[in-house]
1. Work out from phi, with θ = phi - 60° and the Karplus expression 6.51 cos²θ - 1.76 cosθ + 1.60, the ³J(HN,Hα) of each residue of segment 184-192, listed in order in whole Hz, and give x for Gly and Pro.
2. Taking amide H positions as placed in the peptide plane 1.01 Å from N, state which residues far from A143 in sequence (5 or more) or on other chains have amide H under 5 Å from it.
3. Excluding V146 itself, what net charge comes from residues whose Cβ is under 9 Å from its Cβ, given Lys and Arg +1 and Asp and Glu -1?
4. 5 Å is the cut-off here: which amide hydrogens, built 1.01 Å from N in the peptide plane, fall below it relative to A374, excluding neighbours closer than 5 in sequence?
5. Using +1 on the beta carbon of Lys and Arg, -1 on that of Asp and Glu, and nothing else charged, what's the dipole of segment 65-201 about the Cα centre, debye to 20?
6. Output the antiparallel fraction of DSSP beta bridges having both residues in the chain, as a percent to the nearest 5.
7. Given labels modelled 7 Å from the Cα in the Cβ direction, how far is it in nm from R386 to D184?
8. Using the Karplus equation 6.51 cos²θ - 1.76 cosθ + 1.60 (θ = phi - 60°), what ³J(HN,Hα) coupling, rounded to whole Hz, does each residue of segment 361-376 give in order, writing x for Gly and Pro?
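Quick note: the coordinates plus some simple rules give every number you see, no bench work behind them. All of these numbers come straight from a predicted model, not from anything done at the bench. When we count neighbours, we look across all protein chains shown, and the Cβ atoms used for this are built from the backbone with ideal geometry, even at glycine.
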Amino acid sequence: MGETLVRTVAIIVAAGRGSRLAEATRGQPKQYAALGGTTMLARTIDRLVASDSLHHVQVVIHPDDSDAYDTAIRGVIDRSHLLTPVTGGATRQASVLAGLEAIAPLAPDVVLIHDAARPFVPDETIRAVVAAITGGAAGAVPAIAVVDSLKRGDASGHVSASIDRAGLWRAQTPQGFRYSEILDAHRLARDAGRDDFTDDAAIAEWAGLSVAIVPGSGDNIKITTSEDLAMAERALSGQVIPDVRTGTGFDVHRFAVGDHVWLGGLRIPHTHALEGHSDADVALHALTDALLGAVADGDIGKHFPPSDPKWKGAASHLFLEDAARRVRARGGHITNVDLTILCEAPRIGPHRDQMRSRIAEILAISVDRVGVKATTTEGLGFTGRREGIAAMASATVVIV
Ligand code: MG
């Protein structure tokens with residue numbers, strides 16, 4: 001959003017209930033339907049807040065949709081110009097009026113009124129509408145000339161008349177107006193008991209305002225049916241930024257008396273054991289935390305508290321399997337994990353490939369997605385003094 005002398009606010013009407021998309025949206029209003037990795041409403045908001053022609057965006061929602069709205073706007077790229085939503089009325093017209101009244105304290109010069117179901121509005125359309133009004137028009141509507149032949153059908157499904165399409169236009173949104181004039185027009189319509197207008201240009205026209213037609217766009221489709229939604233989804237495929245997550249993990253266990261360690265899911269003979277509540281597999285613990293971190297689901301201590309006797313002596317592959325299950329429950333695919341073990345001894349090299357295979361098996365991923373590396377710390381620090389073993393890990397997860 002940029003600085004222009006004319007203060008311009010956009011209202012997005014998103015209070016509708018009816019959905020011809022009930023199946024595709026699981027009964028949710030269509031503006032909350034999933035679309036290209038986010039929601040239709042988030043995409044519509046993104047288009048408007050990205051426009052240099054607008055200063056603020058006011059969304060009008062249904063009173064039942066507060067939670068759906070809060071969830072939807074998490075997908076909005078820039079919320080800094082988004083005003084707190086207001087609730088609408090029983091009709092689209094009443095909802096627009098609620099939005100117009102709500103932005104009064106901002107004293108806008110120009111208001112754009114846009115349907116939530118048009119998530120692809122190009123910036124050129126927004127600019128053309130604003131330009132028409134700053135150029136002197138009381139209102140402006142983007143529209144496309146009708147090119148199809150128009151027929152009137154009778155009750156039996158036969159053509160009863162052909163309509164001359166000359167001079168006919170298909171109106172889109174956003175429709176723009178001088179703020180005080182469209183607010184007055186809406187109040188007049190309400191006071192006159194009129195609630196049958198299908199768009200704001202019709203109210204403006206009824207109130208005697210002159211409304212200019214500016215070029216609309218074929219991209220600015222209104223998503224009404226499940227076919228529209230499927231087509232929009234196809235158009236967006238390939239443009240969706242994949243939801244890639246990474247997580248890191250780190251763990252340390254000290255040496256104790258013993259003759260083997262558990263490391264990377266393997267039992268490795270050694271001069272000492274590792275001390276811990278479970279089998280103390282420091283490598284699998286680091287990997288577990290990396291996976292949990294990738295989906296922001298706490299850490300190993302939260303899910304398997306050392307205070308719980310149930311996990312005494314537990315095999316650590318159970319922890320790692322649980323973390324993988326949590327990732328998958330969120331729709332996550334583990335694309336790779338990478339492990340670094342820090343110790344002077346035992347030597348990891350001879351066990352590396354078997355360790356990779358074991359971790360791949362536990363995570364149910366292919367072995368070429370599992371990295372295992374080891375390093376000494378040149379005799380420095382606690383690992384250098386052979387007091388214990390440290391491990392660090394990273395995991396990459398793609399949510400689909
Ligand atoms: Mg541990």
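1. Along segment 184-192, the couplings run 4, 4, 5, 5, 4, 5, 4, 5, 7 Hz.
2. Distant-sequence amide H within range of A143: Q172, V214, G216.
3. It works out to a net charge of +1.
4. Amide H neighbours of A374, under 5 Å, 5+ apart: I341.
5. Values: 13 positive and 19 negative charges, 54 e Å.
So the dipole magnitude of segment 65-201 works out to roughly 260 debye.
6. Of those bridges, close to 65 percent are antiparallel.
7. Calculated label separation equals 9.2 nm.
8. Result, rounded to whole Hz: 5, 4, 8, 6, 10, 6, 5, 6, 9, 10, x, 10, 10, 9, 8, 8.
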